[in-house]
Amino acid sequence: MQDWEKEKDVEIDLLQILTVIWKKLWIIVLAAILTAAAVFGGTYFVVTPVYEAEAMLYINNSRTAGNPETISAADLTAAQSLTETYVVILGSKAVLNEIAGQTGDSYSTDELKNMISATAVNGTELLRISVCSKDPEEASDLANAAASVSAEKMMETVEGSSVKIVDQAAI
């Protein structure tokens, strides 16, 4: 008899399999409970929560020649391209040193650079500043300091533009 003919005759008795599983159900339930307890204990006692605070800046390039009350399409395009420049300015040592000084010098510039990030909001003139910290109040304070310091530094650095804080970070 060939091997493939032997395999055809194998029967699987589902009732027998279910009976074995039923007899060993306590092991399955115990394993699930122990796994759930280990995961809960690990996340509760080992993982440190990280809080994120955000502030939002509006970048305007309306101080060009003529009437500052009218905004042209060229002004909007220039403001959108300036947001990427402002992201780089926010990560500069001068801005980070001033943020550190304003918040009590508890962090180095490298630590602040790792905590603070800035992104342009989907092709708009808005710049989102995010700060991650283990303390929610500290994250909010750093985000607000980063918004105010960077707004001042950005207007000093790039002439013919204005930066306004749209949204302060809150706890």
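Classify the range 90-161 as rounded, prolate or oblate from the Cα gyration tensor: take a ≥ b ≥ c as the square roots of its eigenvalues, call it rounded if a/c is under 1.5, otherwise prolate when a/b beats b/c and oblate if not.
Since a/c reaches 1.5 but b/c is at least a/b, the shape of the range 90-161 is classed as oblate.
With the full set of protein chains in place, find how many percent of the accessible area of the range 84-171 is carbon and sulfur; take the probe as 1.4 Å.
Carbon and sulfur together cover 47 percent of it.
Can you tell me the length gained on complete extension of the stretch V158 to K113, counting 0.36 nm per residue apart and subtracting the Cα distance?
Length gained, V158 through K113: 14.1 nm.
With a 1.4 Å probe and every protein chain left in place, work out the accessible area per residue of the range 75-135 in Å², rounded to a whole number.
51
Order L18, L126, L96, L30 by their accessible area, 1.4 angstrom probe, all chains in place, largest first. Write down the numbers at each step before the final one.
Values: L18 105, L126 50, L96 5, L30 80 Å².
Largest to smallest exposure gives the sequence L18, L30, L126, L96.
For T19, what accessible area in Å² do you get when you roll a 1.4 Å probe over the heavy atoms of the protein chains, rounding to the nearest 10?
Spelled out: T19, probe radius 1.4 Å, area about 60 Å².
Compute the semi-axes of the equivalent ellipsoid of the range 12-171, taking the square root of 5 times each eigenvalue of the Cα gyration tensor, and list them largest first in whole Å. Kindly include the intermediate steps, with their values, before the conclusion.
On the way: eigenvalues 543, 93, 24 Å².
Semi-axes (√(5λ), whole Å): 52, 22, 11.
The values are calculated or read from the model by the stated rules, or taken from the named source; none is laboratory data. Fair warning: this is a prediction, and the values are worked out from it, not measured in the lab. Remember, those area values only see protein heavy atoms, side chains included, never the ligands or the DNA or RNA. Shrake-Rupley method; radii C 1.70, N 1.55, O 1.52, S 1.80 Å.
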